[in-house]
């Protein structure tokens with residue numbers, strides 16, 4: 001880490017609670033090797049070097065760079081820890097941690113020695129009797145050489161298992177950090193992004209390297225960032241922030257100890273128990289008049305519902321009696337596919353996930369009984385389990401953060417409409433494609449614009465099963481794409497006779513070649529032939545109705561493989577596969593398939609003909 005080399009600000013390890021010191025030390029025995037990333041403070045809005053003279057927040061530090069922490073980064077030596085010291089920082093506005101990427105793993109003793117050498121070199125440079133200007137250049141040169149050395153280390157001989165973040169939050173308020181890993185080539189949009197919840201106390205988050213490598217080409221230069229969200233003037237303590245090779249069997253233990261397993265994720269559905277959770281009392285024993293609705297829980301449900309988080313029920317109760325009370329209380333409408341029976345709650349949650357077409361890892365379960373929480377956690381280790389006594393803090397959790405948009409407010413209604421579709425499909429006596437034709441599905445395609453950018457950003461963060469690149473676009477990247485001369489973004493909105501799905505798809509085409517570099521859809525239109533219709537539209541537009549080759553990039557994963565069959569169905573051939581990405585081509589001269597099931601309405605063509 002570079003920051004402790006700039007100053008001699010130190011505090012005793014005794015300033016931290018004993019249990020926190022133990023938590024920072026306990027993981028060391030599970031690690032075989034780690035990287036030594038040269039983390040430094042940086043700015044999320046940096047336009048170096050112009051900002052040094054134009055930004056009102058610029059504050060010069062010892063090496064001439066911009067001070068992004070309030071005061072010094074304070075070193076707390078902790079020789080028992082996985083990192084030989086803990087770093088205490090208070091973030092200013094727009095601050096973030098930044099480092100060049102490296103997968104150069106070192107055994108722990110060598111990593112410790114490297115960190116100590118860096119501290120010693122920094123101390124010598126600070127003590128050198130030089131004027132401020134030359135001393136700043138010396139410190140800057142040290143930082144530069146560290147970055148260059150790591151960046152030129154080359155690919156790792158053995159890949160790490162994960163990225164590990166250790167953080168102690170002494171504040172009562174939970175915060176979140178966004179881990180970003182991206183390639184340095186700004187002409188190629190390849191980025192991994194994951195939000196990590198930092199609740200009060202010690203947090204160790206483990207982010208699997210396989211997920212990072214699926215999105216970012218780590219054999220080429222890359223960068224790593226930790227961006228605080230709403231952490232201005234918040235003091236946090238950081239231990240390890242590095243890629244790690246675990247000892248055999250350590251991964252499962254690490255995941256079990258880290259809050260939420262592999263770090264925070266975006267919740268798509270919260271499943272609630274009823275008795276002594278949604279209401280006080282036990283319905284089957286106390287009757288309708290003996291239970292009392294918990295208004296605080298209802299407020300949580302309404303707040304998260306506005307953010308697009310769905311809700312359901314897994315309760316051991318008499319179904320009809322419970323549903324009657326929910327209707328009487330005026331909250332029945334909030335719960336999709338409620339499972340109220342005497343079966344194990346883990347089975348009920350599996351059915352809810354299947355009905356909603358989402359992964360278990362995008363769900364949380366709230367219950368007052370330790371037995372029920374344990375049963376669910378044991379059967380479904382990827383789910384987030386929450387004690388009912390703590391549920392009123394749900395809207396503040398990092399997994400529940402999201403923007404209130406027209407799409408998020410309508411998400412529950414869209415699922416209600418989906419229930420109607422499924423009912424109609426079950427009653428339909430013909431084949432499935434015939435049923436789809438009877439639905440009158442329409443897909444409107446329009447350019448990426450400021451008015452739909454927020455929803456596209458939200459879609460990119462949430463979609464997995466029909467995301468064919470794995471990219472998680474930041475809003476700034478989408479704005480860059482809007483201004484690009486060679487990359488064109490297309491936004492897909494869908495509706496049928498049952499209702500409006502809203503914005504459900506996004507595509508990016510490199511126009512010169514031409515090549516489809518990104519394609520993603522909401523799972524709400526899965527198996528409805530919308531992806532086929534969009535590809536047909538793009539082929540007509542960019543392949544000159546089959547007069548020239550049209551290329552596509554596809555990063556195949558276990559989650560998107562079923563939907564990825566669309567490329568073969570449309571006539572694409574695989575040309576090569578490199579670093580997990582398939583290069584596909586639709587050859588010129590081929591007939592462009594069009595089954596006519598989905599009607600495409602293009603605002604682009606309408607504008608061109610106007």
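Quick look at the values:
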quantity: Sorted by Cβ density within 10 Å, fewest first, the residues 181, 585; calculated: 585, 181
quantity: Contour minus Cα-Cα distance for residue 109 and residue 282 (0.36 nm per residue); calculated: 56.6 nm
quantity: Per-peptide average of other Cβ atoms within 10 Å, ordering 442-453, 306-317, 166-177 highest first; calculated: 306-317, 166-177, 442-453
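Coordinate-derived values only; no laboratory data. Source: prediction; values computed, not measured. FYI the Cβ positions are ideal-geometry reconstructions off the backbone, even for glycines, and counts take in every protein chain you see.
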